[in-house]
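The values are calculated or read from the model by the stated rules, or taken from the named source; none is laboratory data. Source: prediction; values computed, not measured. FYI the Cβ positions are ideal-geometry reconstructions off the backbone, even for glycines, and counts take in every protein chain you see.
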Amino acid sequence: MKTRTGYTALPTAPARAVILVLHPWWGLTPVITGVCDDLADLGYIAVAPDLYYGEIAETPDQATELRSRRRPTPMWRHILAEVEQARSKFAVEPLGQIGFSMGGHWALWLAKQSRPEIPPISATTIFYATRAGDFSASRSAFQFHLAEADPFVNPRAAARQERQLRRAGLEVEVHRYADTGHWFFEWDRPDAFDPSAATLAWERTTKFLERHLPSATKPGGR
């Protein structure tokens, strides 16, 4: 189900959790809606806020303009509104998240907050992003999928991120993919897409989510 403010994919059976899917700076592309559909097949309600309200960037300059554009609602409030609508409407409390690049920055920001309006997050998967900060208030487990050569993710920043999370007593797993660059998961970026790395990253993601968002009844997947 797509609206001006986001995309929601629903499972056929009762949902085990809500998964927030945060898009990269390109916008809510078919890659991201496809991730939502795959999550729904696995028994999750998948919610992807459309932070650009229907617009999709084709170039980095367009992405930069869309990201920096003034908006009536701050991005984080837009994100929370979409999540809370799904959790309330379908009476599902457990929450996980997957963030891609810019969306990964937002996922990390959400995971470290102690604001009462932000619900507890149990599992956070990040694709090619890091974000420094104090994660002592977080209750999430973390999983990172990082490229071997990435101009947007400094190896020192990635190492510092891992130390910060471990120092906070949080579970962390970090996967690095040889011969890949930024956007390696996204099939609409043919200059960067790596099918084998993307497949392995998705297998690891689904196992991570299942481990941290368990269900008494396992839904069928594809």
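Among the residues in region 145-159, are any under 29 Å from V92 (Cα atoms) and within 16 Å of the chain's Cα centre (by Cα)?
Within region 145-159 (the criterion being under 29 Å from V92 (Cα atoms) and within 16 Å of the chain's Cα centre (by Cα)), the answer is yes, since at least one residue qualifies.
Do you know which residues across region 95-109 are among the hydrophobic types (A, V, I, L, M, F, W, C) and without any contact (Cβ under 8 Å) to a residue 60 or more places away in the chain? Of everything in region 95-109, those that are among the hydrophobic types (A, V, I, L, M, F, W, C) and without any contact (Cβ under 8 Å) to a residue 60 or more places away in the chain turn out to be L108, W109. State all residues of region 16-31 that are of a type outside the set (S, T, Y) and surrounded by fewer than 23 Cβ atoms within 10 Å (Cβ to Cβ); if no residue qualifies, say none. Once the filter is applied, which keeps residues that are of a type outside the set (S, T, Y) and surrounded by fewer than 23 Cβ atoms within 10 Å (Cβ to Cβ), region 16-31 yields W25, G27, P30, V31.
Condition check ((1) in contact with a Lys or Arg (Cβ under 8 Å, 6 or more places away or on another chain); (2) among the small types (G, A, S); (3) at pLDDT below 95) across all residues:
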site	(1), (2), (3)
N154	no, no, yes
R167	no, no, yes
E171	no, no, no
W187	no, no, no
A192	no, yes, no
T205	no, no, no
R211	no, no, no
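Among the conditions (1) buried (at least 21 other Cβ atoms within 10 Å of the Cβ); (2) on the phi > 0 side of the Ramachandran plot, F184 misses just one, which is (2). Residue count for region 111-129, restricted to those that are surrounded by fewer than 24 Cβ atoms within 10 Å (Cβ to Cβ) and of a type outside the set (D, E): 10. Pairing each residue of region 197-210 that is under 18 Å from R16 (Cβ atoms) with any residue that is among the polar types (S, T, N, Q), provided the two are 6+ apart or on different chains, yields C-beta distances under 6 Å for T205/T125; F208/Q143.
Applying the condition of being part of a loop (DSSP other than H, G, I, E, B) and touching a strand residue (DSSP E or B) at 6+ places or on another chain (Cβ under 7 Å) to region 130-150 and asking which residue is farthest from K112 (Cα to Cα) yields D150. Considering only region 58-70, I want to know if a residue exists there that is buried (at least 24 other Cβ atoms within 10 Å of the Cβ) and on the phi < 0 side of the Ramachandran plot. Within region 58-70 (the criterion being buried (at least 24 other Cβ atoms within 10 Å of the Cβ) and on the phi < 0 side of the Ramachandran plot), the answer is no, since none of the residues qualifies. Screening the candidates V83, V153, V92 for the property of being part of a loop (DSSP other than H, G, I, E, B) and touching a residue at least 60 places away in the same chain (Cβ under 8 Å) yields one hit, V92.
Can you go through D38, D61 and tell me which one is acidic (D, E), over 18 Å from the mean Cα position of the chain (by Cα) and at pLDDT 95 or above? Sole residue among the options that is acidic (D, E), over 18 Å from the mean Cα position of the chain (by Cα) and at pLDDT 95 or above: D61.
Residue-wise test of (1) over 27 Å from G54 (Cα atoms); (2) among the basic types (K, R); (3) buried (at least 23 other Cβ atoms within 10 Å of the Cβ).
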| site | (1), (2), (3) |
| --- | --- |
| R77 | no, yes, no |
| G103 | no, no, yes |
| L108 | no, no, yes |
| R156 | yes, yes, no |
| R160 | yes, yes, no |
| V172 | yes, no, no |
